[in-house]
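The values are calculated or read from the model by the stated rules, or taken from the named source; none is laboratory data. Every value quoted in this text rests on a predicted model; they were computed, and no experiment measured them. Ideal geometry is used to build each Cβ from the backbone, glycine not excepted, and the neighbour counts take in all protein chains shown. Accessible surface is based on the protein model in full, side chains and every heavy atom, while ligands, DNA and RNA are left aside. Shrake-Rupley method; radii C 1.70, N 1.55, O 1.52, S 1.80 Å.
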Amino acid sequence: MSTALDDHEPTLRVSALHALEYCPRLFYLEEVETLYVQDARVFAGRALHEVLEDEDDAMGVKHTLELESEALGLRGKLDALRRRNGRWLVIEHKRGRAKRDSDKRPIAWESDRLQVFAYAMLLEESTGEVVEGCRVRYHEDNAVVPLVLGVAAREEVRAAIARARLLRQSTERPPVTPDANKCVRCSLAPVCLPEEERLAKDPEWSAIDLSVKDLERRSLHVLSHGARIGKRSEELEIVTRTFATGETTTTRVGISEVGSVVVHGGGQISTQALHLCIDREVSVTWVTGGGRFVATAAAAGPTVQRRVRQYRALSDDAICLRLAKQLVHCKVSAQLRFVLRATRGEAAGRDAALDEQITGIRAALRAIARCEDTGALLGHEGDAARRYFACWAWMTREATDERLRYSGRTRRPPKDCVSALLGFGYALLLGDVTGAIIGVGLEPALGIYHRPRSSAPPLSLDLMELFRVAMVDMPVIASINRGQWSADDDFEIAGERVWLSDAGRKKFVGVYERRKAEEWRHSVVGYSLSWGRMIELEARLLEKEWNGAEGLFARFSIR
Ligand code: SF4
């Protein structure tokens, strides 16, 4: 079988062949969609190789030889090789355990065999010598498996290369592997979401959480007006100045601890710091001093293939309407649940006016489910929103300062304290949602439901609908009812304009970030995760809606 490359076709990495043998979808996600996750397992694998390189040096073993062959269509970096009795011996190191045969003897896993054989063939090509001896060493159970590169093994490698090249040209993502155990050990599980995809196909499937919890990092809000964010090695350095005294304060935060940076007001971030953030997949959002979202910069995830599919799907009016209905239904359901929960105490002698609003929201929900066009959907959503906010009059405690009672939403500029809180909260949420969309590899400018109107990307506005109630409205009402806000100290009132003061913004960031970190059991996938991670999960579930695993996006409900 010929493996010679066509013009301009890049060689395949040997590790990609390993991925292909392990799971064709893993190969596709890495090679075609260029998705990589740097999780603890990947770092552990790297650390093992570093240790081995030191050990091997001491033993006089040649290691990490990089080879490429146009004839084979392959390239790769050998873990180690040794000269024995005038012949080369290729060695592959693995962190885990060997497979066992029926007599419990160690044997190599299929993907590891293929990998070490491919390296041996590369070595043959480069040295012109026959290489037959191969070994895979499994460090967890200290097992060494000897292998011989024979005729059948060579054919196996060539067939795998041909399969890989075919799959590389395909626009169809392969299905998840039927062997769910493989997913537990797969570094791409947090972005592939195999359990969620199984659930989409089988509602009885009990999904387990394969996300990487140790990658949860915090948001860094830089609130001081004259603050400067610079880079010091692997740290962000924030320098703030007290205007009255001219004193400066310097704080440093390791980039590995940061998930996103939010620059408020007139804060500055240096090009070097921005590069560090983008390089480490830390999104940066700018919000004006008045609490308006400006922009988000984030490392674009795997883009081309994903965006091509997104354009194709969202050019279809039927798909857009289906998703828009789901989105609006999810949001209005959350509004209804929140109103019912927050007015529970009123139940005995419930105000007839409140009941009328609740009945109206229920009717809007039924109409949304039956809706056949976007125009009508907008009408029902608007009706539900008016009724929902009208209910806020019953949701704050009697003793609340009149200035902190909701009196109708106003924006650009907000004209009351509650509108100022909501506007600021939605701006922070928009930044988080936009960062997640870009990170997942989708185009924020191409939306389902919202049309381009302002600087806010339409898809971000769409996705944000799912989280407005849970991540902003609920904490705002709860914090007002706890008496957390002072109309005099936390707001700046200038004529008809109301802004959060410096103290108010700082307080709100605390309220919002605490909510983001709160864990909540997702009613569809069945496992618990923080609200911050929920945003990313829903962005990934949205992408699956046009990739053969629909039915999970925007289905969750709040308690
Ligand atoms: S998570 Fe499972 S299905 Fe997805 S790439 Fe990995 S092994 Fe394949």
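Starting from the Cα of residue 99, draw a straight line to each of the aspartates and glutamates and keep only those under 17 Å, dropping any in the same chain fewer than 8 residues away.
21, 110, 112, 140, 141, 179
Mind checking which of 181, 327, 395 is farthest towards the positive end of the chain's charge dipole, using Cβ charges of +1 (Lys, Arg) and -1 (Asp, Glu) about the Cα centre?
395
Tell me the label-point distance for the pair residue 102, residue 181, using the 7 Å Cα-to-Cβ offset, in nm and rounded to one decimal.
Using points 7 Å along Cα→Cβ, the separation is 1.7 nm.
Could you look at the chain and say what percent of its accessible area is carbon and sulfur, using a 1.4 Å probe and all protein chains? Please report the intermediate quantities before stating the final value.
Numbers: 12890 of 25820 Å².
C and S atoms contribute 50 percent here.
With a 1.4 Å probe and all protein chains kept in place, how do 279, 316, 490, 101 rank by accessible area, largest first?
Details: 279 105, 316 65, 490 5, 101 40 Å².
Largest accessible area first, the list is 279, 316, 101, 490.
Work through the residues other than residue 282 whose Cβ is under 11 Å from its Cβ and net out their charges, Lys, Arg +1 and Asp, Glu -1. Kindly include the intermediate steps, with their values, before the conclusion.
Values: positive: 217, 218, 280; negative: 257, 279, 281.
Around residue 282, the charge tally is 0.
Can you find, among 28, 161, 288, the residue sitting farthest towards the positive end of the charge dipole of the chain, where Lys and Arg contribute +1 and Asp and Glu -1 at Cβ?
My answer, from the dipole projection, is 288.
Rounded to the nearest whole Å², what accessible area per residue is found for the chain with the 1.4 Å probe?
On the way: 25820 Å² over 559 residues.
Computed with neighbouring chains in place, this is 46 Å² per residue.
Let's see if you can work this out: charge +1 on each Lys and Arg Cβ, -1 on each Asp and Glu Cβ, no other charges. What is the dipole magnitude of region 221-281 about its Cα centre, in debye to the nearest 20?
On the way: 6 positive and 7 negative charges, 39 e Å.
Dipole about the Cα centre, nearest 20: 180 debye.
Give me the angle, in degrees from 0 to 90, between the Cα long axis of helix 374-391 and the longest principal axis of the Cα atoms of the chain, rounded to the nearest 10.
Relative to the chain, helix 374-391 is tipped by roughly 60 degrees.
What does the C-alpha gyration tensor say about the overall shape of region 264-309? Classify as rounded when a/c is under 1.5, otherwise prolate if a/b is larger than b/c, or oblate. Let's see the in-between values first.
Numbers: a/c = 4.30, a/b = 1.60, b/c = 2.68.
Judged from the Cα gyration tensor, region 264-309 comes out oblate (a/c at least 1.5, b/c at or above a/b).
Anything over 30 Å Cα to Cα? Flag those among 415/507; 325/415; 231/516, in the order listed.
Among 415/507; 325/415; 231/516, the Cα-Cα distance tops 30 Å for 325/415.
Quote the charge dipole size of the chain about the Cα centre in Debye, to the nearest 20; the model charges only the Cβ of Lys and Arg (+1) and of Asp and Glu (-1). List each step's numbers first, then the result.
Working: 81 positive and 81 negative charges, 235 e Å.
Here the size comes out at about 1120 debye.
Using each residue's phi in region 542-559, evaluate 6.51 cos²θ - 1.76 cosθ + 1.60 at θ = phi - 60° and report the 3J(HN,Hα) Karplus result to the nearest Hz, with x for Gly and Pro.
Once rounded to whole Hz, the list reads 4, 4, 6, 4, 10, 10, x, 9, 7, x, 10, 5, 6, 10, 6, 10, 8, 6.
List the trypsin sites (Lys or Arg not before Pro) in region 454-510 that DSSP assigns to loop (not H, G, I, E or B) and whose Cβ has at most 16 other Cβ atoms within 10 Å. Which are they?
Values: sites: 468, 482, 497, 505, 506, 507; in loops: 482.
For trypsin sites (Lys or Arg not before Pro) across region 454-510 that sit outside H, G, I, E and B with at most 16 neighbouring Cβ atoms in 10 Å, the list reads 482.
Using only Cα atoms, what is the ratio of the radius of gyration of the chain to 2.2 N^0.38 Å?
Working: Rg = 28.1 Å, N = 559, 2.2 N^0.38 = 24.3 Å.
Working it through for the chain, the quotient is 1.15.
Running Debye on region 221-340 with equal point scatterers at the Cα sites and no solvent, what base-10 log of I(q)/I(0) appears at q = 0.17, 0.20 Å⁻¹?
-0.92, -1.04
Can you tell me the 0 to 90 degree angle between the C-alpha axis of helix 40-59 and the longest principal axis of the chain, rounded to 10?
30 degrees
At a threshold of 8 angstrom on Cα-Cα distance, excluding pairs fewer than six apart, so keeping six or more, what relative contact order does the chain reach in percent? Mind dumping the intermediate values first?
Numbers: 900 pairs, mean separation 61.6, N = 559.
Value for the chain: 11 percent.
To the nearest 10 degrees, how steep is helix 417-440 against the longest Cα principal axis of the chain, on a 0 to 90 scale?
20 degrees
Pulled fully out, how much extra length does the chain show between residue 202 and residue 519, if you take 0.36 nm times their separation in residues and subtract their Cα-Cα distance? Provide the component values of the computation, followed by the final result.
Numbers: separation 317, 0.36 × 317 = 114.12 nm, distance 2.56 nm.
Extra length from residue 202 to residue 519 when fully extended: 111.6 nm.
Among the GluC sites (Glu not before Pro) in region 176-267, which ones are in a DSSP loop with at most 11 other Cβ atoms within 10 Å of the Cβ? Mind listing them? Each step should come with its number before you reach the end.
On the way: sites: 195, 196, 197, 204, 216, 234, 235, 237, 247, 257; in loops: 204, 216, 234, 247.
Here the GluC sites (Glu not before Pro) that fit, given the DSSP loop and packing criteria, are 204, 234, 247.
How big is region 221-281 in terms of Cα radius of gyration and Dmax, in angstroms?
11.4, 37
Quick check: net charge around residue 503, other residues with Cβ under 15 Å of its Cβ, Lys/Arg +1 and Asp/Glu -1? Intermediate values should be presented prior to the final figure.
On the way: positive: 505, 506, 507; negative: 488, 489, 490, 492, 502.
Charge balance in the 15 Å sphere: -2.
Please name whichever of 85, 151, 428 sits farthest to the positive end of the charge dipole of the chain, dipole taken about the Cα centre and charges placed at Cβ: Lys and Arg +1, Asp and Glu -1.
Positive-end residue among those listed: 428.
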